[in-house]
1. In nm, to one decimal, how far is the modelled label at residue 30 from the one at residue 9, with both set 7 Å along Cα→Cβ?
2. Pull out the extension gain between residue 91 and residue 44, defined as 0.36 nm times the separation in residues minus the alpha carbon to alpha carbon distance; nm, one decimal.
3. For residue 68 and residue 82 in the same chain, what is the full-extension length gain: residue separation times 0.36 nm, less their Cα-Cα distance, in nm?
4. Could you check the spin-label model distance between residue 55 and residue 111? Points 7 Å from the Cα along Cα→Cβ, value in nm.
C-alpha cells in the first residue's frame, strides 16, 4: 500500500465518521441568504452548494449548483420551481469522491521502482546522448 492509498483510506474513514456524527446529531441544512436571489446551503459547517434565483419567460425559478470556488461554476443539478426542492436536490446529491492520486499523475502511472529501472536502463544505453564531463 502506498502513501496515497493510506491517505485515501484514512480520509474515507474520517468522512464516514463525520457523516455518522452529522447523522447522529440530526444535522440539518442551513440556508444562508447571500444577497438578492442567491443562497448558500451548508450542512454541518460544510458548504454543499449554491442556489440562484433566475427568471425564465417571466417566471421565477431556482437553479441549484454544487459547491465550487466560483459559485456560478459549480456542477449544475437543475432548475426548480420551489426553493425547498432546490435545497432538497443539493442535499440528495452524494458528496464528491476523494481526490485524485497526484503521485500517479506525476509518474505517468509508473511506480517509483519502474522509474528507477527506466532511468538505469537509459543511463546504461550506449550513445544515449548523455555527456559526462
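1. With each label placed 7 Å out from Cα toward Cβ, I get 3.5 nm.
2. Values: separation 47, 0.36 × 47 = 16.92 nm, distance 1.17 nm.
Net length gain for the segment: 15.7 nm.
3. On the way: separation 14, 0.36 × 14 = 5.04 nm, distance 2.25 nm.
Extra length from residue 68 to residue 82 when fully extended: 2.8 nm.
4. Placing both labels 7 Å along Cα→Cβ, they lie 6.3 nm apart.
Every number in this text was worked out from the coordinates using simple rules, so none of it is lab data. As the structure is a prediction and not an experimental result, all values here were calculated from the model. FYI the Cβ positions are ideal-geometry reconstructions off the backbone, even for glycines, and counts take in every protein chain you see.
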